[in-house]
Amino acid sequence: MLDLLKEPVLAVQEFVVLAGRAFQNIFRKPHYFDDVILQMDTIGVGSLVVVVLVGLFSGVVMALQMSRALAQYGEVEKTGTLVAITLARELGPVLTAIMMAGRNSSGIASELGSMKVTEQIDAMRALGTDPIQKLVTPRLVATCFMLPLLTVIADFVGLFGGWVIAIVKLHLTSRLYWTSSWQALEWNDVAQGLIKPLVFAVVVSLIGCFYGLRASGGTQGVGRATTQAMVAATIMIFITDVMITEMFVSQGVS
Amino acid sequence: MAETGSPSVLRFENVTVSFDGEAVLRDVSFEAFEGESRVILGAAGSGKTVLLKTALGLVQPDSGRVLVFGKDLGKMREGQLFDIRSRIGMVFQESALFDSLNIEENVAYPLRNQKSIRCPAGEVHGRVEQALDFVELGGTLEKFPAELSGGMRRRAAIARAVVTAPPLVLYDSPSAGLDPITAHTIMALLIKERDMTQTTTILVTYRYQDGNLMANFRYNSKQGRLEPARHSDGPLPCTTFMVLREGRLVFEGDQDRLESTADEYISKFCKHRE
């Protein structure tokens, strides 16, 4: 039994050490600003299209589904309210983070995993560079900047998708839709909608780096690390989502 | 054999290294001195690469001590190890060039990133060109590693290892997987580097021919090629052979002793003397 637990406990310990060093390096020299900008482009700009599409269609689907439910109570004009709250609190942050996990956790794991199995990580250490400072911290910082931004974009595009349905299918006025959406949102919704992506960014980037740096066993090992990173990041997104939501709910601000 | 009058460059004292409870280096002890060449022979999985990584401080021993330039690596933190590593050049088995950087950036990497080197930015390009000319790869500065052949990548890796002029250079199977002509070219570069800069060289290989070249040939800088050391002026290169078997050091001595050994495993490595 203890032997079975040994490996997961060691993995958690390694992850905590990696996370600690990655955060510590934010405040320590040398800073690799070029790598941060490069990662912002790869992780953020590179994910823009997929995030916009997911945001748009989730807004469209939410408007369609909610309008059907609201019609039973004669409250179709509240569609904007529900779309806005659902997107800002849950769907925007979670769907964007899942897209990032699929695209970037796996991407980071495969890139770092390939470097690991071809001894490039060892070479980096041999040539005077801390791989966590050079590879992990820039990815962490870049993801923490880009994921909240992408979430905001996904929220707005989702609201736009809901508006299209409200106009074309539900025959609501633009004014009614946007007013109900705007009035529905409170500061705590915005706070929740920004805290979640920040936490998800830490999860997505560090899990990708963790599995990448642990890769072993050639190309097969890289493939395994990639899959594990995506699966673990997705599960952790949902677990942390529950924890954050519970915190807001228990404080009576949900 | 070792020049006991010269300062110690690398010293292993009863070093044992294990991975997942399995020992890959067992109680290994040896000492390499300044200007000496060491050829470490061994079959795949005998612990050759781990030995080099332990010498660099990339792998921590479970027991024993590793001293590089007289300093105990076990007592150093990662930041302090960077200073020691800046005095060691390392050529990894598969070159380990950074895929995302071109050859110029790869070779310039230690100059730009090793704090203790402190190479002025204006000098980096010149030193990179010099190092690439040394390995006869001038003109590949803009190319990426994926655009080069296996032999060219190995040469670029040698340029990266020696660009900082380190006093100790470690080579991990530099001729492995190369055709005989390219392998000879790589070995000629190793000998050229050793003889022109008087570096201490640790060569890990499974090819006895490589060790034979190290022990018996010298680089003639006037003619620009290798020549048998016995035909040239000066003493023979000081070369010590070591043989690893399943993590244990089973032989340490000169080439004559190696070739006269009755041990079946050791003698398998020296059947093909050129």
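The values are calculated or read from the model by the stated rules, or taken from the named source; none is laboratory data. These numbers come from a predicted model, not from an experiment. Backbone-built Cβ (ideal geometry, glycine too); neighbour counts: all protein chains shown. Note: areas computed on protein heavy atoms with side chains; ligands, DNA, RNA excluded. Shrake-Rupley method; radii C 1.70, N 1.55, O 1.52, S 1.80 Å.
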Complete set of residues in the range B:114-134 that are open to solvent by less than 40 Å² (accessible area, probe 1.4 Å), at pLDDT below 90 and assigned to a helix (DSSP H, G or I): B:F134
Positions within the range A:114-138 being open to solvent by 20 Å² or more (accessible area, probe 1.4 Å), farther than 19 Å from B:L111 by Cβ and more than 7 Å from every other protein chain (Cβ to nearest Cβ), in sequence order: A:S114, A:M115, A:K116, A:V117
Output for the range A:143-173, where each listed residue is of a type in the set (S, T, N, Q) and under 25 Å from A:D41 (Cβ atoms): A:T143, A:T151
1 or more residues within 19 Å of A:A229 (Cβ to Cβ): qualifying helices (runs of 4 or more DSSP H) within the range A:8-111: A:33-39, A:48-71, A:92-100
Residue within the range B:20-33 that is within 14 Å of chain A (Cβ to nearest Cβ), within 28 Å of B:N212 (Cα to Cα) and open to solvent by 40 Å² or more (accessible area, probe 1.4 Å) present: no
Identity of the residue in the range A:43-61, open to solvent by 70 Å² or more (accessible area, probe 1.4 Å), of a type in the set (V, I, T) and in contact with a helix residue (DSSP H, G or I) (Cβ under 9 Å, 6 or more places away or on another chain), that ends up nearest to A:R139 (Cα to Cα): A:V45
So B:I88, is it facing chain A (nearest Cβ under 10 Å) and not hydroxyl-bearing (S, T, Y): yes
The one condition in (1) away from chain A (no Cβ under 14 Å); (2) surrounded by fewer than 23 Cβ atoms within 10 Å (Cβ to Cβ) that B:M242 fails to fulfil: (2)
Matching residues in the range A:47-75 - criterion: being modelled with pLDDT under 90 and either among the acidic types (D, E) or closer than 30 Å to A:T129 by Cβ (or both): A:E75
Test: residue in the range A:173-194 that is under 16 Å from A:G92 (Cβ atoms) and not in a helix (DSSP H, G or I): yes
Check on A:I85, away from chain B (no Cβ under 14 Å) and either at negative phi or among the basic types (K, R) (or both): yes
Looking only at the range B:168-182, and only at residues there that are among the aliphatic types (A, V, I, L, M) and open to solvent by 10 Å² or more (accessible area, probe 1.4 Å), the one that is farthest from the chain's Cα centre (by Cα): B:I181
Output for the range B:72-94, where each listed residue is over 27 Å from B:R194 (Cβ atoms) and not in a loop (DSSP other than H, G, I, E, B): B:G74, B:K75, B:E78, B:G79, B:Q80
Any pair with Cβ under 8 angstrom, 6 or more apart, that starts in the range A:212-223 at a residue that is under 12 Å from A:L112 (Cα atoms) and ends at one that is not in a helix (DSSP H, G or I): A:G221/A:A215; A:V222/A:A215
Conditions (1) surrounded by fewer than 18 Cβ atoms within 10 Å (Cβ to Cβ); (2) at the interface with chain A (Cβ under 10 Å from one of its Cβ atoms); (3) touching a helix residue (DSSP H, G or I) at 6+ places or on another chain (Cβ under 8 Å); number of the one not met by B:E142: (2)
The range B:91-113, subset at the interface with another protein chain (Cβ under 9 Å from one of its Cβ atoms) and among the hydrophobic types (A, V, I, L, M, F, W, C), residue surrounded by the fewest Cβ atoms within 10 Å (Cβ to Cβ): B:F98
Enumeration of residues in the range B:35-71 that are surrounded by fewer than 18 Cβ atoms within 10 Å (Cβ to Cβ), part of a loop (DSSP other than H, G, I, E, B) and away from chain A (no Cβ under 14 Å): B:G35, B:A43, B:A44, B:G45, B:D62, B:F69, B:G70
Filter result (more than 18 Å from B:A188 (Cα to Cα) and surrounded by 19 or more Cβ atoms within 10 Å (Cβ to Cβ)) within the range B:145-167: B:P145, B:T164, B:P166
